[in-house]
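*Asks:* Please see the structure below; I have some questions.
Readers should treat all values here as calculations from the given coordinates under stated rules, not as data from a laboratory. Just so it is clear, the structure is predicted and the values come from calculations on it, not from any experiment. For neighbour counting, all protein chains shown are included, and Cβ atoms are generated from backbone atoms with ideal geometry for every residue, glycine included.
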């Protein structure tokens, strides 16, 4: 795992572990109600965060019945050439828009139980991504420092394989030990996708593809320009084109693996976390 995740600049926690909110009924929200809450609830206070390089802020929201925190991210930069830790990157983008796009794509793929809900909202005159905040969880960097292990290694691996496929699909250049988090039930959540959706037609790290959830692979096959219109206006036509080209390579890779090794060595079924917990907001 160390070879896969880059221990870089810290980022903030974005998602919610719904089972924690019985006291204020947040756990009973449907996805539509949660989206409305993030988009319209009164912002009670905002606190600047000292972590990261994107001027992240933590906001407390309340609609009179439910009070909950959200992460605010308004970074929106584009550079023809960017010099970073990974070297030179052309057509560089670092934008809050990709957090919204990542969540929408996760819903299309049926993995929205691993990506935080993120919506667009104007705060103090600036457009930003407002993302549900997770409580009681830890970052992967903290898990490793404490030498903690999931009590269910098989479930952990199933979710990690999903993460790896998703990162190759969106060409995430900034997956690191601070933007992978684990909730109290040892579920993995992918957060902070502001440096994703690159234009490249190639895969970033083909070696990170190992196994694939059967349902996810089926959803990948159905992606097309029409279905990905849901990602607009947060991604461009060229970014969608690159995503579909990478999808083709991912599907081809797993089809070849199945032909070579057999389906049972390549595909598996990941139980839905919605079905496992009645307190999780509905994805329907």
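*Asks:* By count of other Cβ within 10 Å, fewest leading, how are 248, 224 ordered?
*Replies:* 224, 248
*Asks:* With 10 angstrom as the radius, rank 177, 199 by how many other C-beta atoms surround their C-beta, starting from the fewest.
*Replies:* Neighbour counts put them in this order, fewest first: 199, 177.
*Asks:* Sticking with this structure for a sec: What's the ranking of 103-110, 153-160 by average number of surrounding C-beta atoms within 10 Å, highest first?
*Replies:* Numbers: 103-110: 20.9, 153-160: 15.5.
Going by the mean number of other Cβ atoms within 10 Å, highest first, we get 103-110, 153-160.
*Asks:* Can you show me the helix-derived [θ] at 222 nm for the chain, built from DSSP H runs with n ≥ 4 at -39,500 (n - 2.57) apiece and divided by the number of residues, rounded to the nearest 500.
*Replies:* It lands at -9500 deg cm²/dmol.
*Asks:* Take each of the peptides 205-214, 131-140, average the number of other beta-carbon atoms within 10 Å over its residues, and list them starting from the highest.
*Replies:* My ranking of the peptides, most packed first, is 131-140, 205-214.
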